[in-house]
Amino acid sequence: MEFKKTICALAMALAVGGCGKLESPYSITGQLGGESVDFWRWRGFIGSPENYLNVVRSDETSVLYRDNHDDDLKLESVCITSVGGIEKCYFDNEIGTETLAEAQIQFDGYLTKIIDYKQQEAMKLINEENPEVDIKTK
């Protein structure tokens, strides 16, 4: 019985301290250039942090960019969900190599837009008497 309690305590400690959302310079939730943008980092129980960028385009298509290997901001997959709810995922293989290469270009563009926005917002905030932020950053 004592062994079972020890295992449970260890599992709980790992769950609390070993996984969850992490801070990133790209963390953002809000509207950017007419699109809904949500970037977050996540660490599971095992492995390096993973980066996710979900973009809901003006036509309501959702694109989820995933960097889930080595935290290097190089995509391992992209999943596109159409307005009808049909999701298609692409990986670096015979079918998805070209799609993933294009997705990487888009992903890099969003990261640049996020950093530019945050830099502009920081300058705006430092120079205003009564700053108001219209987007939530993490």
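Within the stretch 113-134, being without any contact (Cβ under 8 Å) to a residue 24 or more places away in the chain, surrounded by 10 or more Cβ atoms within 10 Å (Cβ to Cβ) and among the β-branched types (Val, Ile, Thr) holds for one residue alone: Val133. Figure legend. Inter-residue proximity from the stretch 96-108: first residues over 12 Å from Ser77 (Cβ atoms) and in contact (Cβ under 8 Å) with a residue 60 or more places away in the chain, second residues in a helix (DSSP H, G or I) and not acidic (Asp, Glu), beta-carbon distance below 7 Å, spacing 6+ or different chains. No pairs are indicated. Any chance the stretch 61-81 includes a residue that's part of a helix (DSSP H, G or I) and charged (D, E, K, R)? No, because not a single residue in the stretch 61-81 is part of a helix (DSSP H, G or I) and charged (D, E, K, R).
Counting the residues of the stretch 59-82 that are among the basic types (Lys, Arg), crowded, with 16+ Cβ neighbours inside 10 Å and closer than 16 Å to Glu98 by Cβ gives 0.
A short reminder: the numbers here are calculations on the coordinates, not readings from a lab. Predicted model only: the values in this text are computed from it and were never measured. Note that we place each Cβ from the backbone using ideal geometry, even for glycine, and neighbour counts take in every protein chain shown.
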